[in-house]
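**Student:** Structure in structure tokens, see below.
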Amino acid sequence: LAPSIHVWDAMTKQTLSILRCSHSKGVGYIHFSATGKLLLSVGVEPEHTITVWRWQEGTKVTSKGGHAERIFVVEFRPDSDTQFVSVGIKHIKFWTLVGGSLVYKKGVIGSVEDGRMQTMLSVAFGANNLTFTGAINGDVYVWREHFLVRVVAKAHSGPVFTMYTTLRDGLIVTGGKERPTKEGGAVKLWDQEMKRCRAFQLETGQPVENVRSVCRGKGKLLVGTKDGEIIEVGEKNAASNTMINGHTKGGIWGLATHPFKDVFISASDDGTIRIWDLADKKLLNKVSLGHPAKCTSYSPNGEMVSIGMENGEFIVLLVNSLTVWGKKRDRSGSIQDIRFSPDNRYLAVGSVESAIDFYDLTLGPSLNRIGYCKDIPGFVIHTDFSADSKHIQVSTSTYTRQVHEVPSGKMVTELPTIERITWATWTSIFGDEVLGIWPRNADKADVTCACVSHAGLNLVTGDDFGLIKVFDFPCPEKFAKHKRYFGHSAHVTNIRFSCDDKYVISAGGSDCSLFVWKCQ
């Protein structure tokens with residue numbers, strides 16, 4: 001797919017324009033001109049081409065190679081449709097649109113004290129042709145026309161990732177990397193000449209020390225952090241309100257819904273589990289585990305939660321206090337799925353080491369293994385207990401489904417026995433009951449996750465293309481009829497129904513996102 005730029009109406013959410021662009025590798029930054037009629041884009045291809053668009057007509061005005069190395073930001077002056085500034089790796093240029101072409105002047109350092117050409121990450125503007133650029137070492141450079149006039153040394157202790165110019169009063173907001181102290185912080189509000197500032201301490205439960213985006217309006221600052229939070233800060237009282245939370249880097253793999261509350265838990269490569277309120281769509285709590293988390297589950301009585309980790313360890317927490325009840329590491333490979341038995345007695349832990357280990361929780365938090373399943377081809381993907389806690393089914397990476405006794409781990413091969421089993425949950429993507437979920441073009445690595453509703457009437461699946469599909473359950477006929485829903489931009493890693501089947505929650509891999517779907 002060729003990279004494209006989409007312009008949206010923020011209120012109606014309608015697409016206003018699609019610009020098919022010449023940036024072959026992707027678009028690195030976009031910015032509107034003062035009147036909003038022109039749009040700037042910069043590519044991530046080797047020439048880092050800067051293009052000017054008349055976006056309403058969908059036409060290109062002109063383009064020109066920007067710099068041999070990465071350009072991070074291109075921004076029009078806030079009062080101009082012809083002048084803009086680009087900054088990047090050892091790069092600052094002052095551009096003018098003349099007729100239909102672009103001309104530029106390079107920034108001149110001259111003999112200013114502390115001045116040297118360094119990597120610039122952000123830009124803001126002042127009156128009388130002043131420009132401010134935020135540097136990777138924490139300094140801010142102040143330019144008049146294209147000449148450096150002074151350096152604001154250590155505006156932040158780390159990189160100045162973002163700056164925002166307020167037209168109304170000329171004040172400037174900076175955001176960067178800085179540990180909160182009495183005088184300092186990751187967000188600062190400066191006077192028109194960047195001579196004096198006020199730092200804001202942001203409260204999200206953890207100290208915020210890495211800010212990537214800032215905005216200002218109506219007595220409030222809006223702050224975007226490296227950890228995916230959006231925080232609103234009151235300018236007068238400095239009170240923080242976290243508006244959006246999310247997992248940070250890596251995929252979200254583990255997903256579990258509370259047995260009788262509108263609450264769910266997600267486990268991620270970022271080394272945290274997060275507990276969410278479904279009704280309010282709010283983060284209730286998070287626990288940092290120190291290692292990427294791959295799976296999670298609630299006990300049927302809602303008192304415990306278990307988490308399996310990439311390093312082979314698993315942890316059992318008490319839900320009320322989120323304190324560790326027990327932890328164990330009997331495997332060195334990643335734990336892929338973890339399950340409590342319906343009678344709250346057993347914990348089943350499935351790993352990439354082609355095994356499911358059983359632990360008897362009634363014997364206390366020492367978590368000594370009392371049995372395990374071997375003879376599993378490939379690694380464990382999904383597991384489900386039978387309603388009477390006597391059997392477990394496992395889906396494997398070799399596209400097979402097996403049934404074993406609990407806790408002996410002995411494999412059950414007699415079909416009549418298997419057919420008589422009632423399953424407490426169903427997350428298997430294999431088996432006669434779910435034959436119809438596989439599409440015609442499936443190269444087997446297509447459907448990634450499934451979940452049957454508590455009422456047992458519907459089945460939802462997630463796949464490698466980011467689709468959510470809803471089927472009737474069981475669906476033994478090939479290529480069964482279904483409804484499909486779009487949302488994720490990459491593969492879906494996990495999917496679950498809420499306790500009362502009113503919601504479906506899906507987790508994403510590369511897009512690191514959680515979607516909540518309302519069931520009709």
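**Student:** Only one of these conditions is not met by Leu435: (1) touching a residue at least 40 places away in the same chain (Cβ under 8 Å); (2) farther than 27 Å from Thr493 by Cβ; (3) open to solvent by 70 Å² or more (accessible area, probe 1.4 Å). Which number is it?
**Tutor:** Just one mismatch for Leu435, condition (2).
**Student:** Which one is nearest to the chain's Cα centre (by Cα), of the residues in region 74-88 that are surrounded by fewer than 21 Cβ atoms within 10 Å (Cβ to Cβ) and of a type outside the set (D, E, K, R)?
**Tutor:** If we take residues in region 74-88 being surrounded by fewer than 21 Cβ atoms within 10 Å (Cβ to Cβ) and of a type outside the set (D, E, K, R), then Pro78 is nearest to the chain's Cα centre (by Cα).
Listed here are the residues, each with its yes/no results for (1) under 18 Å from Gly250 (Cα atoms); (2) in contact (Cβ under 8 Å) with a residue 24 or more places away in the chain; (3) among the hydroxyl-bearing types (Ser, Thr, Tyr); (4) open to solvent by 50 Å² or more (accessible area, probe 1.4 Å).
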| site | (1), (2), (3), (4) |
| --- | --- |
| Phe465 | yes, yes, no, yes |
| Pro476 | no, yes, no, yes |
| Lys483 | no, no, no, yes |
| His488 | yes, yes, no, no |
| Asn494 | yes, yes, no, no |
| Phe497 | no, yes, no, no |
| Tyr503 | no, yes, yes, no |
| Ala507 | yes, yes, no, no |
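**Student:** Can you tell me which condition Thr448 does not meet? The list is (1) in contact (Cβ under 8 Å) with a residue 40 or more places away in the chain; (2) open to solvent by 30 Å² or more (accessible area, probe 1.4 Å); (3) touching a Phe, Trp or Tyr at 6+ places or on another chain (Cβ under 9 Å), and all the others hold.
**Tutor:** Thr448 satisfies every listed condition except (3).
**Student:** How many of the residues making up region 263-300 are in contact (Cβ under 8 Å) with a residue 40 or more places away in the chain, farther than 25 Å from Lys518 by Cα and either surrounded by fewer than 18 Cβ atoms within 10 Å (Cβ to Cβ) or in contact with a helix residue (DSSP H, G or I) (Cβ under 7 Å, 6 or more places away or on another chain) (or both)?
**Tutor:** 0
**Student:** Counting just the residues of region 317-358 that are over 17 Å from Glu303 (Cα atoms) and among the hydroxyl-bearing types (Ser, Thr, Tyr), which one comes out surrounded by the most Cβ atoms within 10 Å (Cβ to Cβ)?
**Tutor:** Step by step, filter region 317-358, then rank; the result is Ser351.
**Student:** Going residue by residue through region 439-450, is there one that turns out to be modelled with pLDDT of 95 or more, out of contact with any Leu (no Cβ under 8 Å at 6 or more places or on another chain) and of a type outside the set (D, E, K, R)? Please lay out each step first, then the result.
**Tutor:** In the first step, residues of region 439-450 are kept if they are modelled with pLDDT of 95 or more; the result is 449-450.
With the extra rule that they be out of contact with any Leu (no Cβ under 8 Å at 6 or more places or on another chain), the set shrinks to 449.
Those left that are additionally of a type outside the set (D, E, K, R): 449.
Scanning region 439-450 turns up at least one residue that is modelled with pLDDT of 95 or more, out of contact with any Leu (no Cβ under 8 Å at 6 or more places or on another chain) and of a type outside the set (D, E, K, R).
**Student:** What number of residues in region 242-264 are of a type in the set (S, T, N, Q) and part of a strand (DSSP E or B)? Before you say what the answer is, go through the steps one by one.
**Tutor:** Residues of region 242-264 that are of a type in the set (S, T, N, Q), as a first pass: 242, 245, 248, 257.
From what is left, the residues that are part of a strand (DSSP E or B) are 242, 257.
Summing the residues that are of a type in the set (S, T, N, Q) and part of a strand (DSSP E or B) in region 242-264 gives 2.
**Student:** In region 505-520, what residues are over 15 Å from Ile265 (Cβ atoms), in a strand (DSSP E or B) and not aromatic (Phe, Trp, Tyr)? Spell out the reasoning first.
**Tutor:** First pass over region 505-520, keeping only residues over 15 Å from Ile265 (Cβ atoms): 508-513, 515, 517-520.
With in a strand (DSSP E or B) added as a condition, the list becomes 508, 515, 517-518.
Gly508, Lys518, listed by residue number.
**Student:** Count, please, the residues in region 359-404 that happen to be at negative phi, in contact (Cβ under 8 Å) with a residue 40 or more places away in the chain, crowded, with 20+ Cβ neighbours inside 10 Å and assigned to a loop (DSSP other than H, G, I, E, B).
**Tutor:** The number of residues fulfilling the criteria is 0.
**Student:** If you scan region 194-221, which residues turn out to be open to solvent by 70 Å² or more (accessible area, probe 1.4 Å) and either closer than 17 Å to Thr162 by Cβ or at pLDDT 90 or above (or both)?
**Tutor:** Lys195, Arg196, Arg198, Arg212, Lys220
**Student:** Still on this structure, I have one more. Considering (1) more than 36 Å from the chain's Cα centre (by Cα); (2) open to solvent by less than 10 Å² (accessible area, probe 1.4 Å); (3) among the polar types (S, T, N, Q), say which one Ser122 fails and leave the rest.
**Tutor:** Among (1) more than 36 Å from the chain's Cα centre (by Cα); (2) open to solvent by less than 10 Å² (accessible area, probe 1.4 Å); (3) among the polar types (S, T, N, Q), the lone unmet condition for Ser122 is (1).
**Student:** Out of the residues in region 17-36 that are closer than 11 Å to Ser80 by Cα and in contact (Cβ under 8 Å) with a residue 24 or more places away in the chain, state the one that is least open to solvent (accessible area, probe 1.4 Å).
**Tutor:** Taking region 17-36 first, the residues closer than 11 Å to Ser80 by Cα are 32-36.
With in contact (Cβ under 8 Å) with a residue 24 or more places away in the chain added as a condition, the list becomes 32-35.
Details: Phe32: 95, Ser33: 9, Ala34: 53, Thr35: 89 Å².
Top of the filtered list is Ser33.
**Student:** List pairs: first in region 53-70 and more than 14 Å from Thr35 (Cβ to Cβ) and open to solvent by 60 Å² or more (accessible area, probe 1.4 Å), second assigned to a loop (DSSP other than H, G, I, E, B) and of a type in the set (Val, Ile, Thr), Cβ under 7 Å, 6+ apart or cross-chain?
**Tutor:** Taking only residues 6 or more apart or on different chains, the pairs are Glu69/Ile89; Arg70/Ile89.
The values are calculated or read from the model by the stated rules, or taken from the named source; none is laboratory data. Only a predicted model underlies this, so the values are computations on that prediction, with no experimental measurement involved. In this analysis, Cβ positions are derived from the backbone assuming ideal geometry, glycine residues included, and neighbour counts consider all displayed protein chains. Heavy atoms of the whole protein, side chains included, go into the accessibility calculation; ligands, DNA and RNA do not. Shrake-Rupley method; radii C 1.70, N 1.55, O 1.52, S 1.80 Å.
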